[in-house]
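The values are calculated or read from the model by the stated rules, or taken from the named source; none is laboratory data. Since we're looking at a predicted model, the values are computed, not measured. As a convention, Cβ positions derive from the backbone with ideal geometry for all residues, glycine included, and neighbour counts pool all protein chains shown. Please note that ligands, DNA and RNA were not included when accessible areas were found on the heavy atoms of the full protein model with its side chains. Shrake-Rupley method; radii C 1.70, N 1.55, O 1.52, S 1.80 Å.
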Amino acid sequence: MSETIHVRRPRRPITATLRPPGSKSLSNRALLLAALATGRTRIEGCLDAEDTQLMLACLARLGIAVERDGPELADGLELDGSPRLGSAAGVPALDVGTAGTVARFLTAALAGAPSPSWDAVIVDGTPRMRERPMDALLSGLEQLGAVFEWLGHPGALPLRVLGGRGLAGGEVVLERPASSQFVSALLIAGCRARGPVRIVLREGTPARPYVDMTLALIETFGGDAGWSSSGGDALEVRPRGLRACPRYVVEPDASAASYLLALPVIWGGEVTIPALGSDSLQGDAQFCRVLERFGARVELREHETTVRGVRGAPPLRGRDLDLSEMPDMTLTAAVVALFAEGPTRIRGVEVLRHHESDRLAAGATELRKLGAEVTEHEGGLDIVPPAGGPRPAVVIDTYLDHRMAMAFAMVGEVEIADPRCVDKTFPRYFEVLAELGMGPEASC
Ligand SMILES: O=C(O)C1=C[C@@H](OP(=O)(O)O)[C@@H](O)[C@H](O)C1
Ligand SMILES: C=C(OP(=O)(O)O)C(=O)O
């Protein structure tokens, strides 16, 4: 039986200004693009958690060292990039853990590295990462000129990327990708190709704001990529050398912020997140609009978000939510739905089947334990909240999934199993809850 942590219901409204850690998505893009760019980049506000530590450890294995200002990664770090992606010789072996961004973006960047110093690189991850889809990305890279050897199942981790001339360029046609990260990875790799790269999305992409985020970061690092002006759902990369960014400041993580902003909606109070607002590059920064639809009062300003709630007055209302642009927000919304009047439908999130867990199946199971009536669809959930609120004293299983732990902890009066799974993106999450009066020490 794994360790559990007890999370209490707060006794007072939750009123605070809170600073979640740096964005995982922005940190790992900035780290990788800095590693591929010529010159020295300084990054401030970098997330210091499993997913960024995995990226940094892989880069170090490739011979790209990082100088830190201090023990906290967020304080600042500096990194000297090289288009060949490092100086390591032989066949370095990289562990990408369960970090989708590292598995997809770094594998693609390796495949695109021109004349690398290494002969080949082995890429492997956790058992779950071996199951998570990579196939359409890898075959797209092969079409552009990459060479892989499969060390397990074809089209999946573990694999060997053979060092060569990098990517020739050309066109890749994707049916609806299993992850938006395939598109972002092809864009990043395409920046180092010998000729232009065109990515045709025959049935669009899930989680499109992450693709726009990649385009914005490529531009920050001097690259040239964008949506095709010739119509249709296509992207074009016009390769040119990437340039270091003298100072890149990472925004707070909008997905981590979602739990903190949902707390006053469930329990009453007011939470402000500075440095995360309407100007954010993160699609999840728009999640406050979903909270507004449930009934919260929301101010989304430039550089700042505030969400207010008054417990039970007026009551939250269940809603029909298309979360296809913000799939990571599904579990946060599903837990808020437990406290609403009337059913909530969540749609458009079939990518959740391939995340750290199958979040639709895992979420449905745990919501039912709390007394909700849940119907699971291929790409969503219908949730009828329990009359009288969630059942107390339930042990929530977390399926090695940080978002299961963080979302279900908001329920209060629950036991969260394997709480350290939050280390993937928000290691201090339970300390923050304790500071807000939801820790075990609040029982007096
Ligand atoms: O590009 C990114 O940084 C991410 C894209 C999304 O992946 P999917 O498109 O697989 O949902 C998201 O879920 C993940 O947390 C981060
Ligand atoms: C899906 C997620 O992560 P990954 O970057 O590993 O895909 C997530 O953080 O919710």
Odd one out for Thr220 among (1) farther than 17 Å from Val173 by Cβ; (2) surrounded by 23 or more Cβ atoms within 10 Å (Cβ to Cβ); (3) away from ligand 2 (no atom under 16 Å from the Cβ); (4) β-branched (Val, Ile, Thr): (2)
Breaking point among (1) more than 30 Å from Glu413 (Cβ to Cβ); (2) open to solvent by 10 Å² or more (accessible area, probe 1.4 Å); (3) touching a Pro at 6+ places or on another chain (Cβ under 8 Å), for Pro252: (1)
Residue that is nearest to Met329 (Cα to Cα), among those in the range 225-239 that are out of contact with any strand residue (DSSP E or B) (no Cβ under 6 Å at 6 or more places or on another chain) and touching a residue at least 24 places away in the same chain (Cβ under 8 Å): Gly232
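Is at least one residue of the range 202-211 among the hydrophobic types (A, V, I, L, M, F, W, C), at pLDDT 95 or above and assigned by TED's automatic domain parsing to the domain that holds Leu186?
Here is the first cut: in the range 202-211, the ones among the hydrophobic types (A, V, I, L, M, F, W, C) are 207, 211.
Of the ones still in play, those that are also at pLDDT 95 or above are 207, 211.
Those still in the list that are assigned by TED's automatic domain parsing to the domain that holds Leu186 too: 207, 211.
Within the range 202-211, one or more residues are among the hydrophobic types (A, V, I, L, M, F, W, C), at pLDDT 95 or above and assigned by TED's automatic domain parsing to the domain that holds Leu186.
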Residue within the range 286-308 that is closer than 24 Å to Ala393 by Cα, under 19 Å from the mean Cα position of the chain (by Cα) and open to solvent by less than 20 Å² (accessible area, probe 1.4 Å) present: no
Evaluation of Arg84 against (1) in a loop (DSSP other than H, G, I, E, B); (2) open to solvent by 60 Å² or more (accessible area, probe 1.4 Å); (3) modelled with pLDDT of 95 or more (one fails), failing number: (3)
Unmet requirement for Leu400, which otherwise passes all of (1) on the phi > 0 side of the Ramachandran plot; (2) open to solvent by less than 30 Å² (accessible area, probe 1.4 Å): (2)
Where a residue in the range 270-293 is part of a strand (DSSP E or B) and its partner, wherever it lies, is of a type in the set (Gly, Ala, Ser), with Cβ under 6 Å and at least six apart: Val271/Ala16; Ile273/Ala257
Single match in Thr306, Thr398, Thr375, Thr332 (criterion: assigned to a helix (DSSP H, G or I) and of a type in the set (S, T, N, Q)): Thr332
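Considering each of Ala60, Ala74 in turn, give the residue that is free of Cβ contacts under 8 Å to residues at least 24 places away in the same chain, open to solvent by 10 Å² or more (accessible area, probe 1.4 Å) and under 25 Å from Leu242 (Cβ atoms).
On the way: Ala74 fails: free of Cβ contacts under 8 Å to residues at least 24 places away in the same chain.
None of the other options fit; the residue is Ala60.
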